[in-house]
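Peer 1: What follows is a structure written as structure tokens; I'll ask about it next.
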């Protein structure tokens with residue numbers, strides 16, 4: 001599983017200009033079953049996406065297509081972890097340690 005941390009290095013106006021495209025990109029990730037949660041940080045200095053998968057390279061390829069990143073409005077920090085314990089509703093996403 002992955003935590004995708006977005007940081008906005010520039011003005012929020014640039015983020016807002018690309019927000020509709022970013023939301024469409026997010027929706028495609030949800031439809032593909034890759035994203036399970038996302039939202040803004042508070043204060044609004046970036047965002048967070050919780051993504052499922054076992055292949056970091058695939059997640060890196062996916063984040064590279066985010067309109068916010070392409071448009072220079074965000075940077076990504078990708079944190080990979082093993083979700084060995086979850087709330088019951090997230091049981092399908094539990095992972096075993098390698």
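The values are calculated or read from the model by the stated rules, or taken from the named source; none is laboratory data. Just so it is clear, the structure is predicted and the values come from calculations on it, not from any experiment. All Cβ positions, glycine included, derive from the backbone under ideal geometry; neighbour counts span all protein chains shown.
Peer 1: Looking at this structure, is residue 91 surrounded by fewer than 11 Cβ atoms within 10 Å (Cβ to Cβ), in a helix (DSSP H, G or I) and at pLDDT 95 or above? Even if it seems obvious, please write down each step before you answer.
Peer 2: On the way: surrounded by fewer than 11 Cβ atoms within 10 Å (Cβ to Cβ): yes; in a helix (DSSP H, G or I): yes; at pLDDT 95 or above: yes.
Answer is yes for this residue.
Peer 1: Need pairs with beta-carbon distance below 6 Å; first residue at positive phi and within the stretch 51-67, second modelled with pLDDT of 95 or more; sequence gap 6+ or separate chains.
Peer 2: 53/59
Peer 1: While we're on this one: Counting just the residues of the stretch 32-61 that are touching a strand residue (DSSP E or B) at 6+ places or on another chain (Cβ under 8 Å), modelled with pLDDT of 95 or more and not in a strand (DSSP E or B), which one comes out farthest from residue 92 (Cα to Cα)?
Peer 2: 45
Peer 1: Which condition number in (1) part of a helix (DSSP H, G or I); (2) more than 14 Å from the chain's Cα centre (by Cα); (3) without any contact (Cβ under 8 Å) to a residue 24 or more places away in the chain is the one that residue 21 fails?
Peer 2: (3)
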